[in-house]
Amino acid sequence: MQTLNYEFPATQVARRAVHIGVVASGDLEILLAPPESGEPPDRATVRVRTSVNGFDTIWHDVLERFFARATLAGRWELNDFGATPGVVNLRLRQAAESATTNGADS
Amino acid sequence: MTDTENAALLGEQTWLDLLQRRSFIELDALGRATALLDPGSVRVLAGPFDRLESPWLMPQDVTPQADDGTVIARGTVDGHPAVTAAIEQGFQGGGTGEVSGAKISQALLLAAADSRAGTPTAAVILFETGGVRLQEANLGLNAVAEICSAVLDLRPLAPVIGVVAGTVGSFGGMSIAAGLCTRLIVTPQARIGLNGPAVIEQEGGVDEFDSSDHKLVWAVTGGEQRVATALADDLVPDDADLLRASLVSAVAAGVAEPGRYRSQRLDVLASRLATLDPAEQPTPADLRRLWGSAYEPVPTPAPPDGSPARHTHPETRGRAWLGALSGGVTPEAIIPSVLSATTHDARYLAVVPDPQNRFYRAREGQVGLTESLALAQSVRDLIEADRDAERKRAIIAVVDLPSQAYGRNEEMAGLHQAMAATTDAYHAARTAGHPIVAVVVGTALSGGFLTHGLQANQILALDDPHVEIHAMHKAAAARITLRSVQQLDELAKTIVPMSYDVRDWAELGLCDGLLAVDDADAPTPGDVRKVGAAITDAIERAQHGPLDLSNRLDSEAAVTTRHASRAVRDLLARQWNPEPRP
């Protein structure tokens with residue numbers, strides 16, 4: 001079990017809080033909350049809690065690549081149960097899409 | 001596949017319908033709750049952003065889930081107010097933990113309060129669970145007891161509908177709760193059982209149950225078999241719309257007549273068990289023939305000729321303490337493995353070993369099918385005898401049992417349903433005003449303790465190294481959580497609900513007295529006086545305390561150890577009714 005914290009610059013703000021995924025084997029859940037008043041509107045703070053130790057560099061690279069394109073400010077919480085980088089990326093994009101498009105919460 | 005298997009999977013549908021259907025099984029917990037409730041009516045309570053996660057998982061290197069894997073959603077079912085508790089099978093196999101369990105029981109209690117206040121509020125429980133989450137062992141076990149109690153509190157006021165869709169199915173103590181439901185809806189993919197096939201194989205060997213034989217597993221515990229033997233009510237294909245239609249009619253049917261619930265029909269259970277002889281190795285097909293698809297008494301065979309088998313009586317703590325505590329009364333064997341002693345103010349009950357038990361998986365004092373029935377009958381008899389009494393006699397559950405019975409015959413016959421009958425009886429006695437006191441004098445493990453002990457108003461335990469209260473014995477728990485026994489011991493030092501030490505168990509908020517004695521195996525007169533006095537005090541407290549199990553959340557120890565359960569109770573109460581719009 002490892003808790004990793006990252007921060008990335010962001011230019012957009014999430015429209016709404018979104019929850020995606022399940023802490024199931026090979027999967028993860030993501031909670032994205034827009035910045036609250038007092039929190040910087042230009043930072044994405046990411047906390048990863050993962051059941052698998054020793055993948056700090058890979059987490060950093062996957063997240064860096066994602067936040068280079070989807071620059072979405074807010075508090076990102078990732079609860080991971082051994083998801084592969086491909087699944088992580090998919091869940092991140094799902095979260096970003098739900099947080100920026102119009103319509104009901106997923 | 002044979003034609004009959006096709007028929008079960010398809011229901012009334014054609015293959016084309018099946019291909020075009022909206023699968024229910026493929027949905028996650030929120031998706032399932034949403035598919036069952038009226039469109040637009042869904043309101044999630046204690047959701048992920050409330051972050052009521054389990055406090056026990058991080059210290060064990062297990063990633064928690066923000067809603068602890070259970071979705072509580074309020075809404076309506078064809079206009080009827082309802083609350084849904086959907087268990088997420090992906091997270092920890094749907095295992096019941098402190099928080100996820102408290103979410104279900106508190107939601108049921110709030111529905112009961114609304115129902116009492118004039119708004120009948122149905123509950124829908126989506127069972128997908130492997131049972132108690134072993135990382136939260138004793139708190140998970142207690143959570144199941146509280147859920148069972150809350151189902152029974154709500155059931156006379158509004159229907160409690162269970163849905164088991166698969167693929168995990170319903171196993172462990174939560175299946176007792178399933179057995180208490182007003183109506184049970186299943187798919188052919190569903191399974192319902194007390195012990196999972198892998199655990200039975202582990203405990204009883206591959207000859208007892210081959211867990212890799214999927215055909216056998218579904219033949220014994222599958223949804224189709226459960227409906228064919230009236231242990232579930234509606235068999236519906238995996239189709240979200242058909243499942244919703246089935247739920248709509250179940251909710252519309254409302255509550256059943258008192259006495260007509262499956263878990264109250266001791267007449268049916270007794271007649272069914274009389275037809276079953278493990279020595280004949282009955283098959284699932286035999287069971288359909290013997291029992292039929294209606295939950296009604298079946299013809300029973302004549303008792304065997306000749307003198308009854310001689311049963312030997314191994315000396316155990318349960319037998320010793322039952323005899324000592326009940327004073328001069330000669331204990332009566334309701335069946336050789338269930339003893340009862342009735343004094344002028346209390347009935348003492350204990351499950352004891354019976355080396356000649358025809359159910360060979362229950363010979364060492366395990367709670368099996370006939371033990372569950374005998375306990376339920378004895379408790380119900382006392383309720384009946386004291387119906388008009390001003391002061392109801394106490395029931396003292398003397399607890400010394402290794403576990404529930406792990407066996408194929410037990411699962412085939414529906415051990416969960418037999419245990420539901422006992423749970424229902426104890427709950428009925430408690431709510432009728434009989435003080436129920438459990439006294440743990442030996443081991444109190446898992447489903448055995450759920451059935452005989454955990455519905456008590458008051459729980460006492462001897463402060464003795466051989467007293468052990470837990471969700472599973474150590475070796476099995478280690479195998480299932482992929483740990484060594486040493487690792488388990490190490491974890492138990494810091495994770496209180498995991499501990500096998502009764503002194504740690506006493507810190508959980510469920511213990512109403514830890515009693516030091518001189519000789520727990522053969523109680524001295526001083527020991528008997530001391531425990532007897534503690535029971536008298538416990539009866540007194542029960543008489544003046546709540547009739548539900550809320551004292552386990554309000555006790556001094558619970559305030560610290562069960563703060564997560566208390567937070568669930570507070571939050572659900574706050575969110576239960578929508579905030580008025582300004």
Original post:
Rolling a 1.4 angstrom probe over the protein heavy atoms, how many square angstrom per residue are accessible across chain A?
Top reply: 48 Å²
**OP:** Give me the percent of the accessible area of chain B that comes from carbon and sulfur atoms, probe 1.4 Å, all protein chains in place.
**Re:** 52 percent
**OP:** Provide the percentage of antiparallel DSSP beta bridges, counting only those with both residues in region A:2-100; round to the nearest 5.
**Re:** 65 percent
**OP:** Just add up the charged neighbours of A:A68: K/R +1, D/E -1, any other residue whose Cβ is under 14 Å from the Cβ of A:A68.
**Re:** 0
**OP:** Grab the alpha carbons of region B:317-548, take their convex hull, and tell me the volume per residue in Å³.
**Re:** 120 Å³
Original post:
What number, rounded to the nearest 500 deg cm²/dmol, is the helix-based mean residue ellipticity at 222 nm of chain B, given -39500 (n - 2.57) per DSSP H run of at least four residues and division by all its residues?
Top reply: -12000 deg cm²/dmol
Original post:
Which residues, if any, in region B:32-48 have at least 20 Å² less accessible area in the whole protein complex than in the isolated chain, probe 1.4 Å?
Top reply: B:P48
Original post:
Got a sec? Which residues of region A:19-39 lose 30 Å² or more of accessible surface with every protein chain in place, vs. that chain alone, 1.4 Å probe?
Top reply: A:H19, A:V22, A:V23, A:E29, A:L31
Subject >> Three semi-axes of the equivalent ellipsoid, region B:60-185, Cα gyration tensor, whole Å, largest first >> reply: 24, 14, 13
**OP:** Tell me which residues come under 5 Å, amide H to amide H, from B:Q404 once H is placed; ignore anything under 5 positions away on its chain.
**Re:** B:V367, B:G447, B:G448
Original post:
At a Förster distance of 56 Å, what's the computed FRET efficiency of A:M1 paired with B:A302, Cβ-Cβ distance as r, to 0.05?
Top reply: 0.35
Original post:
Considering only protein heavy atoms, what is the solvent-accessible area of B:E257 at a probe of 1.4 Å, reported in Å² to the nearest 10?
Top reply: 130 Å²
Subject >> Cα pair distances exceeding 36 angstrom across chain B, given as percent >> reply: 30 percent
Subject >> Per residue value of the accessible surface for chain B (all protein chains in place, 1.4 Å probe), Å² >> reply: 37 Å²
**OP:** Take the Cα coordinates of region A:2-100, assign each an equal point scatterer, and use the Debye formula without solvent to give log10 I(q)/I(0) at q = 0.11, 0.22, 0.24, 0.25 Å⁻¹.
**Re:** -0.27, -1.12, -1.33, -1.43
Original post:
Nearest 0.05, what FRET efficiency do A:T57 and B:N577 give at R0 = 56 Å with Cβ-Cβ as r?
Top reply: 0.70
Original post:
Quick one: Kirkwood hydrodynamic radius for the protein assembly as shown, alpha-carbon pairs, angstrom, one decimal?
Top reply: 26.1 Å
**OP:** Taking a probe of 1.4 Å and counting only protein heavy atoms, give the total accessible area buried between chains B and A in Å², rounded to the nearest 100.
**Re:** 1400 Å²
Original post:
Over the heavy atoms of B:V71, what accessible area does a 1.4 Å probe trace out, to the nearest 10 Å²?
Top reply: 10 Å²
Original post:
What is the distance, in nm, between label points placed 7 Å from the Cα along the Cα-to-Cβ direction at B:T283 and at B:E556?
Top reply: 6.1 nm
Subject >> Area accessible to solvent at B:S212, 1.4 Å probe radius, in Å² >> reply: 90 Å²
**OP:** For region B:139-183, just the Cα atoms, rotate onto the principal axes and tell me the three extents in Å, largest first.
**Re:** 30, 26, 10
Original post:
Using the alpha-carbon centroid of each, what span in Å lies between region B:236-308 and region B:144-182?
Top reply: 17 Å
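The values are calculated or read from the model by the stated rules, or taken from the named source; none is laboratory data. Since this is a predicted model, take the numbers as computed values, not measurements. As a convention, Cβ positions derive from the backbone with ideal geometry for all residues, glycine included, and neighbour counts pool all protein chains shown. Just so you know, the surface numbers come from the protein's heavy atoms only, side chains and all, with ligands and any DNA or RNA stripped out. Shrake-Rupley method; radii C 1.70, N 1.55, O 1.52, S 1.80 Å.
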